[in-house]
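Just below is one structure, and these are the notes that go with it.
The values are calculated or read from the model by the stated rules, or taken from the named source; none is laboratory data. This one's a predicted model, so the numbers in the text were calculated from it and none came from an experiment. Quick reminder, even Gly has a Cβ in these numbers, built from the backbone with ideal geometry, and neighbours come from all protein chains shown. Heavy atoms of the whole protein, side chains included, go into the accessibility calculation; ligands, DNA and RNA do not. Shrake-Rupley method; radii C 1.70, N 1.55, O 1.52, S 1.80 Å.
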Amino acid sequence: MASDKRVILVVEDNKPSRDLMEYLLRFAGHTVLTSSDGADAVEIARREHPDLILMDLQLERVGGIEAAKQLAGDPDLASIPVVAVTAFAMSGDRERALTSGFDNYIVKPIEPTTFNAQIAGLLDAFGRDGGAG
Ligand code: MN
């Protein structure tokens, strides 16, 4: 049976939120990489080729939407699924995310009891469709 343990890059500038996702994903057995900035996240993706990227939209220097566009535009990185993690506080954020290189989205606040099931469902779906897009 193929392992369901993956390498997941969490990009979030809010430390409590980032720490919570890291903790929950590690608890599920995943290897977790973290970043608080979009430019840094693209560099990590180039170096580590994670299986999944969870990306906040509002980040420190380069925002999540710009970073997702850079990932989608790089032939070496375009196949990595990128999931927006957002409170969708701003009107139009959802539409902007889904038309900016994100493959799906998770709504904040993170719900600890269901987060890993949500991630497993996404990994399963991306595994079936190849994660491109
Ligand atoms: Mn943020």
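It is to be established whether one or more residues within the stretch 73-82 are closer than 16 Å to L24 by Cβ, crowded, with 16+ Cβ neighbours inside 10 Å and in contact (Cβ under 8 Å) with a residue 12 or more places away in the chain.
no
Hey, any hits in the stretch 62-69 for a residue that's open to solvent by 50 Å² or more (accessible area, probe 1.4 Å), of a type in the set (D, E, K, R) and without any contact (Cβ under 8 Å) to a residue 24 or more places away in the chain?
No.
Taking the stretch 54-77, which residues are more than 9 Å from the ligand (Cβ to nearest atom), within 12 Å of S35 (Cα to Cα) and part of a loop (DSSP other than H, G, I, E, B)?
R61, V62
Please name all residue pairs, on different chains or six or more residues apart, with Cβ atoms under 7 Å, provided the first residue is in the stretch 101-124 and is acidic (D, E) and the second residue is at pLDDT 95 or above.
Short answer, once both residue conditions are applied: D103/P81; D103/V82; D103/V83.
Looking at K15, is it touching a Gly at 6+ places or on another chain (Cβ under 9 Å) and more than 22 Å from R96 (Cβ to Cβ)?
So K15 fails the test.
Have a look at I65, I106, I119, I44 and point out the one that is within 12 Å of the chain's Cα centre (by Cα), at pLDDT 95 or above and not basic (K, R).
I119
Restricting the stretch 35-51 to residues that are crowded, with 22+ Cβ neighbours inside 10 Å and farther than 15 Å from K69 by Cβ, which is nearest to the ligand (Cβ to nearest atom)?
If we take residues in the stretch 35-51 being crowded, with 22+ Cβ neighbours inside 10 Å and farther than 15 Å from K69 by Cβ, then S35 is nearest to the ligand (Cβ to nearest atom).
Do you know which of the residues in the stretch 19-29 that are open to solvent by 40 Å² or more (accessible area, probe 1.4 Å) and under 19 Å from Q58 (Cβ atoms) is farthest from the ligand (Cβ to nearest atom)?
E22
Among residues belonging to the stretch 9-23 that are farther than 22 Å from A68 by Cβ and not hydroxyl-bearing (S, T, Y), point out the one that is farthest from the chain's Cα centre (by Cα).
For the stretch 9-23, the residue satisfying everything is P16.
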